[in-house]
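Just so it is clear, none of the values below were taken in a lab; they were calculated from the coordinates. Keep in mind that what you see is a predicted model, and the values were worked out from it rather than measured. Positions of Cβ are generated from backbone atoms using ideal geometry, with glycine treated the same way; all protein chains shown enter the neighbour counts.
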Amino acid sequence: MKYFLIILGVVVLWAVYVFNRFVSLRNRAEEAWADIEVQLKRRYDLIPNLVNTVKGYATHESSAFENVTRARSAAMGASGPTPAHAEAENMLSGALKSIFALAEAYPDLKANQNFLALQNELSDTENKIQAARRFYNANVRDLNTGIESFPGNLVAGMFRFSKKEFFDLADNDVAQSPVEVKF
């Protein structure tokens, strides 16, 4: 009886440890997703300024501006690390590439200090988004591995811990294909 109580105590302590580990992993993944959302919001806030700066130089390129505006709205409307959100972000990245490609055709625009500052700020933001995405995906990987691995999967199933989706931005043809600009 004494050994049974010791074994039971060890199993209970182990289950508490694993439960707390899952809570920690889940919270880290949620915190990492919040970091991505902060950087995405920063990106969304920069885009109207960039579009307005470029509009002054390339007024007849309205379709490029409409594409950026439409893609920005779709990306802002998407939520969570879902494939639909990743798709919307990929569309926005493609639309932004077209705006930067337009700048190549307008030397005055390329020399404009506001445009250069916005371009640098957006480039910095894109780098921060990628770093936040890698951090989030690493936390999701750790959580999902713990949920799927034995014997942790027993505790995960008992307390209904569920796997999270990875957030992959460059997973489709739109993000990987070069931008075509027609004049």
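For the stretch 96-127 versus the stretch 27-80, the inter-centroid distance based on Cα atoms is 14 Å.
Scanning the chain for trypsin sites (Lys or Arg not before Pro) lying in DSSP loops with no more than 16 further Cβ atoms inside 10 Å, the longest uninterrupted stretch between such sites is 1-159. When peptides 3-16, 73-86 are sorted by average Cβ neighbour count within 10 Å, with the highest value leading, the order is 73-86, 3-16. An ellipsoid equivalent to the stretch 65-132, defined through the eigenvalues of its Cα gyration tensor, has semi-axes of 25, 14, 8 Å when rounded to whole angstrom and sorted largest first.
The relative contact order of the chain, computed from alpha carbon pairs under 8 Å that lie at least 6 residues apart in sequence, is 34 percent. Dipole of the chain computed with +1 at Lys/Arg Cβ and -1 at Asp/Glu Cβ about the Cα centre; of VAL23, VAL140, LEU50, farthest Cα towards the positive end is VAL23. Scanning the chain for long hydrophobic helices, with DSSP H runs required to stretch 15 angstrom or more by C-alpha along their axis and to average at least 0.0 on the Kyte-Doolittle scale, returns 2-55, 83-104.
Given a cut-off of 21 Å, name the pairs among LYS41/LYS163; LYS41/LYS97; LYS55/LYS110; LYS55/LYS97; LYS128/LYS163 whose C-alpha atoms lie farther apart than that in the structure shown. Check vs 21 Å cut-off fails for LYS41/LYS163; LYS128/LYS163.
On the basis of the beta-carbon distance and an R0 of 45 Å, VAL10 and ALA131 show a calculated FRET efficiency of 0.65.
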